[in-house]
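Some notes on the structure that comes next.
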Amino acid sequence: MNGKPLKFRPYARLLTMLGDQLIKNEQVALSELVKNAYDADANWVKVDFIGFDENFRAGPGAVIAIEDDGHGMTADIIEHHWANPATPVKLLGKKGQKPKTDKGRIIQGEKGIGRFALLRLGRDVTMTTRPKGQADENILELKLSGYDSDFLHGDGALFLDDLELDLSVRNPAREIVERDVSIGTRTVRRLPHGTRLEISPPAGVWSKEKVAKVFQDLTRLQSIFAAPDETSSSSTPDFEIVIYRDGEYVPLGEDVRGKLDTLLQDHSVVQVIGEYDQAASRFAFTLNGKQIELPLEDASISGLKVFREYLAERGVPKDEVGSLKTECGSFGFSFYVFDFAADAAGAYNLDKEDKELIRQHRIYLYRDGIRVYPYGDADDDWLLIDMRRGTVRASEFVSNDQVVGFVNISQAANPQLRDKTSREGLVDTGYPIEDFRALLQALLAWIRREPYAKYALRKQQKNEVEVFKENKVPTLLEEAIAAAAQAGVPSAVREKIGEATKQYKAERRYLIQRAETTEHLAGVGLSVEAASHDLMLAMQKVMGMIDRLILAANRDGPVDKDGLRNELTSMRGLLSFIQSQLKDMQLLFRSTKQRRKDIRIGDMVEKVSKIFSPMMNRNKIDFVLREEGSPLTAKTTDAVVLQVLLNLFDNAVYWLDGAQEPRTIELVLDGTAGTMVFADSGPGFREDDLDFLFEPFFSGKGEEGRGLGLYIARQLLERHEYSIDVADPDQRLLPGANLVVSFVKEHI
């Protein structure tokens, strides 16, 4: 049986359907045509709204003309490529030996469907194009305004091949000729090659605001950010887009690039500029000019909630981050973070106009220097920052409108990050796009957690110090009392101010007491957290023994006294262990009966090391205790010493978890010098963290940290006139974190 061969024969309405689906709006349509000019090595593109009034409302016979000085098209290219939708000519060039234009531009087009953008702008198209080195120009006409959007004809519908394009040659050329033309405020020599498109009648409804928005988007087609080596006196851009109306230049908006660059360079509180290196699985960047390398395994990245969640989705255990092999490719980035708060000081303080300009921009994505729409628009949240701030935690990221920046990808380094056919965003390619987004989210969360948090903390501290140094509250109260003492002020006012002063002092004493109580309770919680695993295990064993004894008691026959004795002895041992642990914890409970006394620090170290012993054994952590000189003692309370040691051991065990072996905690108690050096072989303190180690709520553990441990330790010690600081170089014992606790009374 012989089959009948068939061929696809699409209806003409496919043009409309594809245009609606692939080209979202006039902005995207114009950007597609401008990209064609860019690929043609044009120096400029002129968009002229002919027959439009001053508000850009189309009149009778209105035309949208788009002209460039690119290399133009031959009749052969028009017939065999332009007239054949989805032509692979650019794609073949990119995959072959010519992925770049003669000017060195990376070719943007590859799908061969950009001509559908024409139908988004109008139904009749006249294209005049003149290739380099030819005296004649080619004219192509496509007339579709006589048909409805479905191309119905009589009782049927037209097929795509029923539509005819008329191609003619005009010699000599009259449109694309060498002459002087205005491009914005400049006059340039028009070269005898390029293309002019005339589209009518205009589709959609135009307005001045819409044209201004389209112009704004077109000017962002290339990067709006200055290159690192670019100066303010840089020459005319190599690709310029201008808007005209009836042949007259329309200066829409202002050139804000210079002002934006100034804001980015001089008024942003955090500047992060660098790249993600996929081969090394790390970020390498400058942070406000300082070089930083941040591997994905670094706890400040792997400890972030947003990254931990992604690792879980990828099936990667958090302690095996090194096994994650990202598939997005390497990419570059630049992020600038601003402080919109009213109390931002100095250069960081922004006026209303500055903030409005910043809010017009987000994080752009550029492929080979050309923007991927709509990323970077003020209403676009392609990294899902606002979504997470609204549904997870607002403090996880800096507000989306406070961050301006861009990400650079390329066709060569990121082949799996591909544009959608609709020209709106990237294709969901699975792990490549998910890795890409997760890495950027992690970096932005790190920026919020680390440098921006430190900036905010410094600002807060400065404000608080100024309040304290200037004695603002008592001073204001004194001024209020003095003002109330003036003649004519009712006595009731004086009485109220006096009562407010009294209540303020009482409330201050109360809050200080509450803060001290809370700090003690934090130590109790830490002790319970550290010991809870082993206490629960011991109690489970005791419960199991009791169940066995109950079963034995319910059986008939004689009692096995030896077995009973062994069970009870084991139970007593376990209960003794539980009692010992709870007794040590009880020392942390705040009690007015607890008086200062001479405490041997070595005894306290032994108690706390026992609490952490099971955790240290599980993580293969060696514990070394050395005593030098006379026994180290301090006149304080058990609670203070225990709480300091609990925090130090807790930090050390955390940072040694997953660190390279050998893992060690080492203490040196020097009774002669009155000091205790506490060290571990973990990653240690980052230099830029040193100023914040003892500040409340600052933690290097990512979102797992509370940021209270070292702060509470210092507060407790200082109340007893003791101190804790980072060890000097000659005091260091191990390559990780090294701290020195001095039990020598400080006399100021």
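The values are calculated or read from the model by the stated rules, or taken from the named source; none is laboratory data. The structure displayed is predicted, hence computed values, not measured ones. We place every Cβ from the backbone using ideal geometry, glycine too, and count neighbours over all the protein chains shown. Surface accessibility is based on the protein's heavy atoms, side chains included, excluding ligands, DNA and RNA. Shrake-Rupley method; radii C 1.70, N 1.55, O 1.52, S 1.80 Å.
Of note:
- His80 accessible area, 1.4 Å probe, all protein chains in place, Å² to nearest 10: 100
- Per residue, region 309-348 exposes an accessible area of 45 Å² to a 1.4 Å probe, with every protein chain left in place.
- Between the beta carbons of Glu175 and Ile77, assuming R0 = 25 Å, the FRET efficiency works out to 0.90 to the nearest 0.05.
- Of the residues Ser223, Ser609, the one with the largest accessible area comes first in the ranking Ser223, Ser609, computed with a 1.4 Å probe on protein heavy atoms.
- For the cross-link pairs Lys7/Lys35; Lys132/Lys208; Lys103/Lys259; Lys46/Lys143; Lys305/Lys355; Lys355/Lys420, the ones whose C-alpha atoms lie over 25 Å apart are Lys7/Lys35; Lys132/Lys208; Lys103/Lys259; Lys305/Lys355; Lys355/Lys420.
- Candidate residues Val741, Val493, Val250: accessible-area rank, largest first, probe 1.4 Å: Val493, Val250, Val741
- Exposure check, 1.4 Å probe, all protein chains in place: Asp728 carries approximately 80 Å² of accessible surface.
- Tensor-based shape of region 151-223 (alpha-carbon gyration tensor, a/c under 1.5 rounded, otherwise prolate or oblate): oblate
- The aspartates and glutamates within cross-link reach of Lys745, meaning a Cα-to-Cα straight distance under 16 Å and a gap of 8 or more places when in the same chain, are Asp598, Asp670, Glu718, Glu721, Asp725.
- Part-to-part distance (alpha-carbon centres) for region 370-384 and region 291-356, which is given in Å: 18
- Solvent exposure ordering (accessible area, 1.4 Å, most first) of Asp680, Asp180, Asp155: Asp155, Asp180, Asp680
- Solvent-accessible surface (1.4 angstrom probe) belonging to Met615, in square angstrom, nearest 10: 40
- Proximal aspartates and glutamates to Lys290, defined as alpha-carbon separation beneath 12 angstrom and excluding residues fewer than eight positions away on the same chain: Glu687, Asp688
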